[in-house]
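Heads up: the structure comes next, in structure tokens.
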Amino acid sequence: MASEILGVDPEDSRLFSARLKPHRSLNRRNFRLLMGIFTGAIFFSTLPFVLLGAWPVAGFTGIDIAILYFAFRASFRAARAYEDVEVSFFELSLAKVSASGERAEWHFNPAFVRLEREQDEEFGVQRLALVSRGRAVEIAAFLGPADKADLAAELSRALAEARRGPRYS
């Protein structure tokens, strides 16, 4: 009741909320620019072969362009995947959405969940998993070691605060 008077509902208050997405350093505009430069370079490097009668070289370099194009398309498609992590006083929820839109959800009690880390001395945090009552779910697999370490620190802080419970005063 006291929390309703103050206008704070502990069930709705989020201690931590994040949407994790794979990092892609190349946007669509730069992708087009890169493909244009690559295609131009291939065209001008195969032109002498075509003029000398070795026209099959152009076909094979065309295959190189197609492979590069489809590899980037697959990378952009994979970048549509994301994970939503939310921690409140009474629940930790994890939702993983694949690149094709398939959604899987897990809900944990923050009092019984722990964040498990695999850390390499040379490379940093390699794996993060939420473990509760014998179930383990890996999170942030697509992030780099530094980003995983930052996420682990923030998530650990939120879980510790959730274990302390809501303050009604």
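Quick notes
- The chain: relative contact order in percent, alpha carbon pairs under 8 Å with at least 6 residues between: 23
- Mean-square fluctuations from a GNM of the chain, with a 10 angstrom spring cutoff on Cα atoms, peak among Gly36, Gly101, Gly124 at Gly36.
- C-alpha long axis of helix 145-164 to longest principal axis of the chain, angle in °: 20
- Extension gain for Ala99 to Asp64 (0.36 nm times residue separation, less C-alpha to C-alpha distance): 10.1 nm.
- Distance between the pseudo-spin-label points of Glu118 and Asp150 (7 Å out from Cα toward the beta carbon): 2.3 nm.
- Using alpha-carbon coordinates, inclination of helix 56-78 to the longest axis of the chain, degrees: 10
- With R₀ set to 30 Å, the beta-carbon distance separating Met35 from Tyr82 gives a calculated FRET efficiency near 0.70.
- Cα gyration tensor, the range 84-151 - rounded (a/c under 1.5), prolate or oblate: oblate
- Sorting Trp55, Trp106 from the fewest to the most surrounding beta carbons within 10 angstrom yields Trp55, Trp106.
- Kirkwood hydrodynamic radius over Cα pairs of the range 28-78, then Stokes diffusion coefficient at 4 °C and 1.567 mPa s, in µm²/s: 110
- Label assignment, Rg/Rh (Cα atoms, Kirkwood Rh) derived from the structure, set (1) 0.98; (2) 0.93; (3) 1.23: (3)
- Helix-only mean residue ellipticity at 222 nm for the chain, each DSSP H run of n ≥ 4 adding -39500 (n - 2.57), per residue, nearest 500: -14500 deg cm²/dmol
- Label separation (Val137 vs Ser45): 4.7 nm, computed from points 7 Å beyond Cα along the C-beta direction.
Read-outs: derived from the displayed coordinates by stated rules, not from any lab. Because the structure is predicted, anything quoted here is derived from the model rather than measured. Glycine gets a Cβ as well: all are built from the backbone with ideal geometry, and neighbour counts include every protein chain shown.
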